[in-house]
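Structure first, then comments.
The values are calculated or read from the model by the stated rules, or taken from the named source; none is laboratory data. Only a predicted model underlies this, so the values are computations on that prediction, with no experimental measurement involved. Note that we place each Cβ from the backbone using ideal geometry, even for glycine, and neighbour counts take in every protein chain shown. Just so you know, the surface numbers come from the protein's heavy atoms only, side chains and all, with ligands and any DNA or RNA stripped out. Shrake-Rupley method; radii C 1.70, N 1.55, O 1.52, S 1.80 Å.
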Amino acid sequence: MSGNHCQLMISVMFLLKVTNLESSPMLHYDKERYEYEDKLIRGEMDVQKPSYKTEFDLNHRHPHIPTKPPSFIGPNFLNLTAAPGTTVVLPCRVLHMGSASLSWLRRPQLTVLSSGNTLFSSSPRLRLLHDPGSPDWTLQIGPLVPEDEGTYECQVNTEPKLSRVVQLNVMAGSQLSEGKSKGPGPAMALQGDSSLPRLQKTEILAPDTMRVFEGGTATLECVVTEHEVAPPYFTWYILGAPLDFSHPRGGILLQTEKKKRSSASRLTLTRMVVSDSGPYTCSPAGADNATIHMEVKEVKNRNSSFSTVKSSTQTLPLKSFWKIAWTLVKIL
């Protein structure tokens, strides 16, 4: 069997040779190749590894999608004062959170109070106020005790990390009326101490439904009255989205005025279009929101009045001509 096997192999190789099916390539030498290999043998040329270049990016299925980094709305530092027994809210407002996560910490121990939507504190006096899709991550504390006084930090886990700091001062009523040494007075009080009546009110000085014509200008004035301390900042929400001055719309003016007992934010919008119709909300930090509905009416048949005037100016001379002509016929 071994002899037959060898004979079969020889026959197959002969057939491959005859029919040119043998796949071994034949090297063709020229002068350039000969000199190249001669230099390699004599060590006069370094052997370099060939560089392989891919025809396309390996991550071609995952194109880069540009996104805006997270950014805070409001001041970097807030100094709040409240009385024991009241409930306060520590505001934290962030835009373009994306995949980032937000945490509330307490300094200087850097105790983690919350991370994302999870509140780590077992105390029923702490609550994290956040609705899905909302830029607000508010920490509510109450009823307050003196031990709550301290520094709180709202932090976003970007690289580098972004943070805002709130200094909370807990002072008794007598200290509030006498002292002013630590803070600007009672702020953010929601409930509890009856000696601190809360008459604060937020309203937009406009009808519940405001109507304007496209191309026109609308001015909304949001007023917070009877406050102990002016809101640190105002945020306007247009059609559910916070006002962003980086938006290319343009034609927007925002003015803020703060007084002892009342503060106001005035929003002016020019060149209104029909798509601007919808809810407009004023959200002062630490105060209630106020909302109105804007209705932008489309201006139809803008050229109709001009065409009417034009046609009338064309027909009037003709009528006058026939009237004069008829008068002349009578006279003659």
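Summing Lys, Arg as +1 and Asp, Glu as -1, what charge do residues with Cβ under 13 Å from the Cβ of Lys259 carry, Lys259 excluded? Net of charged neighbours comes to 0.
In this simple spin-label model, placing a label point 7 Å from the Cα along the Cα-to-Cβ direction at both Ser101 and Lys297 gives a separation of 5.3 nm. Evaluated with a Cβ-only charge set (Lys, Arg +1; Asp, Glu -1), region 74-175 carries a dipole of roughly 40 debye about its Cα centre, given to the nearest 20. Counting only heavy atoms of the protein chains and using a 1.4 Å probe, Lys31 has close to 150 Å² of accessible surface.
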